[in-house]
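Participant: Let me give you the structure first, and then I'll get to my questions.
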Amino acid sequence: MALSATGWMASGALAQDTMYIAGYGGSFERLMRDSVIPSFEKANSVKIEYVAGQSTATLAKLQAQRSKQEIDIAIVDDGPMYQAVQFGFCAPIQKAPVLDDIYPIAKLADQAIAFGIGVTAPVYNTKIFKEKGLPVPTSWGDLGNSAYKGQLALLGAASTTGLHGLIMVARAKGGGEANIAPGFKAFKDEIRPNIVTFAPSAPKLEELLQSGEIAMTVVARSRAVALKKEGLPLQAVEPEEGAAALMVTMCPVVDSDVPAQAQEFIQHMLSPEIQKVFAKAGYGPVNRKTELTEQEKEGLAVGDEAVGKLAKIDWPVVNQNRAAWTQRWNREVER
């Protein structure tokens, strides 16, 4: 962990420190390498090595390296982050002025914090809805409205988006994370008859929306905005129970060889300048002082009022039950 880039130099002086960051791959990795990491390296005289992988893979690395951690900063979704904290992989985040500007919903624990907020919500095709005279949904429970028969496709509960749907429908029916039964009942009896297919991935859902094979689904609101900009007539629902918050989070890993730099990097990620970078990529800012244009705000939860309306998932409860819920989902709903 945090080994020197070139070992001992000929003069005997230690080379530049290296900090290891584990986070998402794909477009997120490119964003980090191009727009987030370079300015930090320059300002802090540290070399960053980025290790790409999904949240589950990063959590598995932390587990495997428990006796000698090789990661200094872990970036994962909020659900796995609660597990990382529970397992003792994360060190406390030091107090800093920037933390005073962060929305409360972003503060997961003393050891972990979100740097971006995604929003999961029902999304519908306004053109098809108008042509067919379909009612606009106002609640997560409306996914079970028989008017939508043959118009709906969703992801399964094994995915975060699908799990959000199950939890929020349960809330709409009087339950929630601690009482998921109403959600399963609604999916089995009311929502399942409306569904054309359970898609294997979010891109497949987007294909179905673009082809007009479905009129409604549940996806990240930022994706709906992106597709709308491409010409698809989409509108996100503002359910009375709230849209579900999906937070991208980070923590400094315990026993880091570069603890000071790790803490500085946390603050760097939360700064208004870097928050703006993430906002342009579709991640809602967690720092109140982030300045965005009206166009940049589209699809994001920005401001205390908008953020306050989001539904925060009780991940400690979910993590205790998720495996059992997935089995039940496969047995009762997606069969």
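The values are calculated or read from the model by the stated rules, or taken from the named source; none is laboratory data. Predicted, not measured: the structure shown is a model, and the values here were computed from it. Neighbour counts run over all protein chains shown; Cβ positions are idealised from the backbone, glycine included. Accessible surface is based on the protein model in full, side chains and every heavy atom, while ligands, DNA and RNA are left aside. Shrake-Rupley method; radii C 1.70, N 1.55, O 1.52, S 1.80 Å.
Participant: Cβ-Cβ under 7 Å, sequence separation 6+ or interchain: first residue in segment 149-174 and in a helix (DSSP H, G or I), partner surrounded by fewer than 21 Cβ atoms within 10 Å (Cβ to Cβ) and among the acidic types (Asp, Glu). Which pairs?
Facilitator: Ile167/Glu177; Met168/Glu241; Arg171/Glu241; Ala172/Glu241
Participant: So, one more: Taking the conditions exactly as written (open to solvent by less than 20 Å² (accessible area, probe 1.4 Å) and part of a helix (DSSP H, G or I)), does Ala262 satisfy them or not? Even if it seems obvious, please write down each step before you answer.
Facilitator: Working: open to solvent by less than 20 Å² (accessible area, probe 1.4 Å): yes; part of a helix (DSSP H, G or I): yes.
Criteria met by Ala262.
Participant: State all residues of segment 78-90 that are crowded, with 20+ Cβ neighbours inside 10 Å and aliphatic (A, V, I, L, M); if no residue qualifies, say none.
Facilitator: Result: Met81, Ala84.
Participant: Go through Lys68, Lys127, Lys132 for me and flag whichever is open to solvent by 40 Å² or more (accessible area, probe 1.4 Å) and either farther than 30 Å from Ala186 by Cβ or without any contact (Cβ under 8 Å) to a residue 40 or more places away in the chain (or both).
Facilitator: It is Lys68.
Table: residues versus (1) in a loop (DSSP other than H, G, I, E, B); (2) open to solvent by 40 Å² or more (accessible area, probe 1.4 Å); (3) not charged (D, E, K, R).
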residue: Ala279; (1), (2), (3): no, no, yes
residue: Thr290; (1), (2), (3): yes, no, yes
residue: Glu296; (1), (2), (3): no, yes, no
residue: Ala301; (1), (2), (3): yes, no, yes
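Participant: State whether one or more residues within segment 94-106 are of a type in the set (A, V, I, L, M, F, W, C), in a loop (DSSP other than H, G, I, E, B) and open to solvent by less than 40 Å² (accessible area, probe 1.4 Å).
Facilitator: Yes - at least one qualifying residue is present in segment 94-106.
Participant: Just for segment 303-335: of the residues that are open to solvent by 60 Å² or more (accessible area, probe 1.4 Å) and polar (S, T, N, Q), which one is nearest to the chain's Cα centre (by Cα)?
Facilitator: Gln320
Participant: Conditions first: (1) touching an Asp or Glu at 6+ places or on another chain (Cβ under 8 Å); (2) of a type outside the set (Phe, Trp, Tyr); (3) open to solvent by less than 30 Å² (accessible area, probe 1.4 Å); (4) part of a strand (DSSP E or B). Leu246 passes all but one, so which condition is the exception?
Facilitator: (3)
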